1. Determine whether residue 42 is over 13 Å from the mean Cα position of the chain (by Cα) and under 17 Å from residue 87 (Cβ atoms).
2. Being farther than 16 Å from residue 8 by Cα and free of Cβ contacts under 8 Å to residues at least 12 places away in the same chain is the filter here; which residues of the range 90-114 pass it?
3. For the range 75-99, enumerate the residues that are assigned to a helix (DSSP H, G or I) and buried (at least 18 other Cβ atoms within 10 Å of the Cβ).
4. Kindly check whether there is at least one residue in the range 42-61 that is crowded, with 18+ Cβ neighbours inside 10 Å, modelled with pLDDT of 95 or more and assigned to a loop (DSSP other than H, G, I, E, B).
5. Tell me which of these residue 33 doesn't satisfy, since it passes every other one: (1) outside any helix (DSSP H, G or I); (2) under 27 Å from residue 113 (Cβ atoms).
6. Is it the case that residue 71 is buried (at least 17 other Cβ atoms within 10 Å of the Cβ), at pLDDT 95 or above and part of a helix (DSSP H, G or I)?
7. Quick one: in the range 16-39, which of the residues that are within 27 Å of residue 85 (Cα to Cα) and touching a helix residue (DSSP H, G or I) at 6+ places or on another chain (Cβ under 9 Å) is surrounded by the most Cβ atoms within 10 Å (Cβ to Cβ)?
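The values are calculated or read from the model by the stated rules, or taken from the named source; none is laboratory data. Note that this is a predicted model, so its numbers are computed, not measured. Every residue, glycine among them, receives a Cβ derived from its backbone with ideal geometry; neighbour counts consider all protein chains shown.
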């Protein structure tokens with residue numbers, strides 16, 4: 001199984017475990033996190049690309065993979081993805097290059113499917 005699909009399964013399992021332990025503060029934060037990516041003045045698709053760029057600059061591979069999955073679900077094209085990654089590269093610098101490589105690998109796996 002491809003990395004991105006393993007990631008999705010593990011994330012789902014860990015999220016369920018986390019929710020079983022979550023207190024009110026944690027649940028409120030997770031609710032905010034979910035709601036902020038819904039359509040508003042900016043469409044959800046654009047918000048997911050913003051989340052991807054922020055995750056790239058912060059160099060969080062789990063976050064990058066999460067946003068790649070959400071970007072694919074939102075209908076982001078490969079051309080849009082590459083432009084978003086370009087922004088992350090310019091803002092984050094060359095240290096983001098390994099993360100971009102892994103992001104493009106995960107994107108390719110998402111396009112192929114499980």
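1. Yes, satisfied.
2. 90, 93, 94, 97, 98, 101
3. 81, 84, 85, 88, 89, 92, 96, 99
4. no
5. The number of the failed condition is (1).
6. Details: buried (at least 17 other Cβ atoms within 10 Å of the Cβ): yes; at pLDDT 95 or above: yes; part of a helix (DSSP H, G or I): yes.
For residue 71, the condition - buried (at least 17 other Cβ atoms within 10 Å of the Cβ), at pLDDT 95 or above and part of a helix (DSSP H, G or I) - is met.
7. Applying the filter and picking the extreme gives 37.
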